[in-house]
Amino acid sequence: MNEYSDEHLVERYLAGDEASLEMLVKRYLAYIYSFIYRFVGASDYAEDITQDTFVRVWKNLKKFDQQKSFKTWIFSIAKNASIDFLKKKKTLPFSYFENEKGENVLSETLYDESPLPSEVFEQKELAEKVHVFIDSLSPSYRVVLFLHYNEHFTFQEISDSLEESIHTIKSRHRRALALLKKMILESIDPIETLV
Amino acid sequence: MHQTTLLIRSNITMMNDFEKIFKEIDIPHVSDELFGKVMRRIQKEQSLAKKWDLFFGFFLGFGMFLAGAVFFLYTPFNGFFESEFFEFFSLIFSDPELVVTYWRSFMFALLESVPIIQGILFLMIIFFFFESGRFFTHIPRSKKIGILSVS
């Protein structure tokens, strides 16, 4: 059953094969949990939201359009479940550098496409630092970075999953990288940057 | 053109740098119990959905039964009281001596005037009522005698 496509497993489940649903859950559990963990930034709630996500998936399986990608569909459900949770908690965090319109003045003025200096990779505890920097980004930026670099989603897949235009996704990606780069560079050379 | 090429190359290099960085970051660990928790939640929701369907179906069925019973019970009862059977039957109470004297004729008259159709309709309604009750309460039918039984 491992070789069945997601859409085929959905078809089999709707025909009455319960094992197909278990297969789908097993296949996506780690990815969805990881996505939600990054999005809400807390492991305490990530498990509950993951369970909610899969319940929503089960409830809406009959409505799933089998011509579309199951992967992007399930991630869009996970995103909505995460946002609903954050709204309930009233803790929709935004990046320290973002204004109310979601624009980031800092990234627009400092955007620099040059590669990172090699000293960055020689730093100890680089991963820990980057983790902290990423956690300080807004969920909308965080999730684009992780979907692209961890889960290897294309920008189109991210656009479909998050139900945003591809232009918005690419724009967020650029801004997120610019912010991250700024924070990383500051951690090497603590010279203050004037806005 | 040269500048654009340089820009694209440096952009790709930068993205490759970030790929390296992201590889260093730990992937959140999924607990072993999470799969079980997810499947139990789904099973709970399935069970709840079935109960709601049953509950809703019962009220819908019961409502339809009541509506049907009022109509289908009214017809046989009405037919019964308007039939000659009732007129003959009521003689037992109004003139019992006459019934005793002419008991054979009386029996034949009763048998001829029995409202069979109305009686059958009435028995069918009672049968469907008990069958629906058995369905919703999951009481099995006894194989030996073919009627409702409680195990």
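Just so you know, all these numbers are worked out from the coordinates, no wet-lab data involved. Note that the structure is predicted; figures quoted are calculated from it, not measured. Reconstructed Cβ throughout: ideal geometry from the backbone, glycine too, with neighbour counts over all protein chains shown.
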TODO: Report ³J(HN,Hα) in whole Hz for each residue of segment A:74-85, in order, from the Karplus equation J = 6.51 cos²θ - 1.76 cosθ + 1.60 where θ = phi - 60°; Gly and Pro get x.
DONE: 5, 5, 5, 5, 5, 4, 5, 5, 5, 5, 4, 5
- [ ] Figure the gain on full extension for A:Asp48 and A:Asn80 (residue separation times 0.36 nm, minus the Cα-Cα span) and round it to one decimal in nm.
- [x] 10.1 nm
Open item on the list: From the phi angles alone, apply the Karplus equation (6.51, -1.76, 1.60; θ = phi - 60°) to segment A:164-181 and give each ³J(HN,Hα) in whole Hz, x where the residue is Gly or Pro.
Closed with: 10, 6, 5, 5, 5, 5, 5, 5, 4, 4, 4, 5, 4, 5, 5, 4, 5, 4
Task: Alpha-carbon Debye profile of segment A:1-50, log10 I(q)/I(0) at 0.19, 0.25, 0.29, 0.30 Å⁻¹ - done: -0.65, -0.81, -0.94, -0.98
TODO: Would you pull out the residues with amide H under 5 Å of A:Gly41's amide H, same chain only if 5 or more places away, H placed 1.01 Å from N?
DONE: none
TODO: Can you figure out the FRET efficiency of B:Ala67 with A:His131, using R₀ = 51 Å and their beta-carbon distance, to the nearest 0.05?
DONE: 0.20
Task: Near-label residues of segment A:143-157 by backbone N, under 19 Å of a point 7 Å along Cα→Cβ of A:Lys89 - done: A:143-147
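For peptide B:32-38, how many partner chain Cβ atoms fall within 10 Å of a residue's Cβ, on average?
Working: counts 0, 1, 9, 6, 0, 5, 15.
Neighbouring Cβ atoms belonging to other protein chains average 5 per residue here.
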